[in-house]
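Please treat every number below as a calculation from the coordinates, not as lab data. Quick caveat: nothing in here was measured; it's all calculated off a predicted structure.
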Amino acid sequence: MTSLFFSSFEVTRQCFYRTSLSYAIVNLKPIVPGHVLVIPTRKVPRLSDLQEAELASLMGSVQRVGNVVERAYGADALTVACQDGKAAGQSVPHVHFHILPRKAIGDHFSNNDEIYPALEQSEDSLNADLRQTTNKPLKVDADEKRQPRTEEEMEEEAAWLKMFFQ
């Protein structure tokens with residue numbers, strides 16, 4: 001199996017869904033349980049850089065992964081977000097979609113729009129984490145409440161989600 005990279009970060013063990021042109025990984029520091037990323041295999045910074053077949057694969061994967069995540073986490077809806085470019089809040093120069101399962105009752109955010117600042121902070125934190133080499137502990141902002149998960153925790157969630165695609 002070929003290794004997968006999200007920007008310069010090796011994420012093969014976090015992967016739970018894969019096509020020839022896109023893949024999905026569990027999140028290092030999820031905002032809500034089930035927060036995952038869907039990413040094109042080829043590292044490109046913007047949606048406009050994708051070839052037509054890559055875009056079709058990516059959007060098909062967003063739909064398929066979203067359906068599974070919604071069901072697996074007992075959600076009623078999804079927040080699907082893509083910050084396309086630095087001015088839009090994208091801090092990792094590799095196209096990716098966030099998929100976050102949401103609940104009508106008992107959601108993590110009482111106001112649905114509160115999720116967008118949380119996503120922006122998540123992007124900033126992820127960028128800082130990705131700048132670290134794999135030989136060093138991941139950097140966590142001092143005021144960041146969400147701690148990074150261990151590789152074992154992410155691998156366990158990925159293995160569980162993989163079962164929904166078999």
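Across segment 3-17, computed HN-Hα scalar couplings (Karplus, 6.51 cos²θ - 1.76 cosθ + 1.60, θ = phi - 60°) run 5, 10, 10, 9, 6, 9, 9, 6, 10, 3, 6, 8, 6, 10, 8 Hz from first to last residue, x flagging Gly and Pro. Global size of segment 1-71: 11.8, 32 Å for Rg and Dmax (C-alpha atoms, Rg to one decimal, Dmax whole). Under 5 Å between amide hydrogens, built in the peptide plane, is the criterion, and for residue 79 it picks out 100, 102 among residues at least 5 positions away or on other chains.
Derived scalar couplings between HN and Hα for segment 20-25 equal 5, 10, 8, 7, 10, 10 Hz in order, rounded to whole Hz, by the Karplus curve 6.51 cos²θ - 1.76 cosθ + 1.60 (θ = phi - 60°), x for Gly and Pro. For segment 28-107, the relative contact order works out to 44 percent when only alpha carbon pairs closer than 8 Å and six or more residues apart are counted.
Computed from phi, the 3J(HN,Hα) profile of segment 68-84 under the Karplus parametrisation 6.51, -1.76, 1.60 (θ = phi - 60°) reads 5, 4, 4, 5, 5, 9, x, 8, 9, 6, 9, 9, 10, 9, 9, 8, 9 Hz, with x in place of Gly and Pro.
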